Amino acid sequence: MASSWQKGTKTILEVWKRHPEWPRLTIKQKQNSSTKITAPNIEYITKYLDDEVLCQYQNSHGIHLCPSEAEGFGHYIVEAMSCQAVTLTTNAPPMNQVITPNRGILVDYHDSKIHRLGTNYYVNPQSLEQKINEILGMDYNSKKQLGENARDWYQQNDSFFRRKLIEVLGNL
């Protein structure tokens, strides 16, 4: 589910279109988004979803593809982890500081460019295709373990943040 142009959605769609045998891909984006590729196994959700419905969608999908070009705080990657999903992201900082091989899948990038105060990393389409095939070929227990590891990290990180926030606010 992506709406930002820096989320790697276009590359996902280009790769997915070449694989009609792959399962349905669900993309959540704004109606006026320029990234739209048509294929029988690509579904777009363009209507507004309230938080409860969006949360249901996120939790009903066991694989989240997040090949970001850049991230600030990585909220949508962490959201995927909170869903206990197998999460795929770009093997570049800061994305690979959140997702590690024991709690997700990392995709190599083939190009990078300085953008404003940061760097954009562009995933290698062939590497993305290979990693998606790897995920689709995983047995249930391997996917389950990655999702559980991701969820455990999320819960520990969330608990730490809440404790630290209360501590900092208490010291003001």
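Using the number of other C-beta atoms within 10 angstrom as an exposure proxy, rank M138, M81, M95 with the fewest first.
The most exposed by this proxy come first: M138, M95, M81.
Say each of E148 and T38 gets a label point 7 Å from the Cα, pointing the same way as Cα to Cβ; how far apart are those two points in nm?
Between E148 and T38, the simple spin-label model gives 4.4 nm.
Sort I42, I99 by Cβ crowding within 10 Å, fewest neighbours at the top. Spell out each step's value before the answer.
Numbers: I42 18, I99 27.
Starting with the residue having the fewest Cβ neighbours, the order is I42, I99.
Taking 1 over the mean of 1/r across every pair of different Cα atoms in the stretch 38-119, what Kirkwood radius in Å do you get?
14.1
Can you tell me the Rg and Dmax of the stretch 111-172, counting just the alpha carbons, in angstroms?
18.7, 52
State the extension gain, in nm to one decimal, for the chain segment bounded by L49 and K17, taking 0.36 nm per residue of separation less the distance between their alpha-carbons.
Taking 0.36 nm per residue and subtracting the Cα distance, the gain is 9.0 nm.
Subtracting the Cα-Cα distance from 0.36 nm times the residue separation, let me have the gained length for F160 to L117 in nm, one decimal.
Roughly 12.7 nm would be gained on extension.
Return the subset of K7/K131; K7/K144; K28/K144; K10/K143; K30/K143 for which the Cα-Cα distance in this structure is over 19 Å, preserving the input order.
Working: K7/K131 17 Å; K7/K144 25 Å; K28/K144 24 Å; K10/K143 25 Å; K30/K143 30 Å.
Among K7/K131; K7/K144; K28/K144; K10/K143; K30/K143, the Cα-Cα distance tops 19 Å for K7/K144; K28/K144; K10/K143; K30/K143.
In which sequence would W16, W22 go, from the one with the fewest C-beta neighbours within 10 Å to the one with the most? Spell out each step's value before the answer.
On the way: W16 22, W22 17.
So the ranking, lowest neighbour count to highest, is W22, W16.
Computed from the mean reciprocal separation of all distinct C-alpha pairs, what Kirkwood hydrodynamic radius does the chain have, in Å?
Final number for the Kirkwood radius of the chain is 16.9 Å.
Bear in mind that the values in this text are calculations on the coordinates, not laboratory data. In this text the structure is predicted, and so the values were computed from the model without any measurement. Quick reminder, even Gly has a Cβ in these numbers, built from the backbone with ideal geometry, and neighbours come from all protein chains shown.
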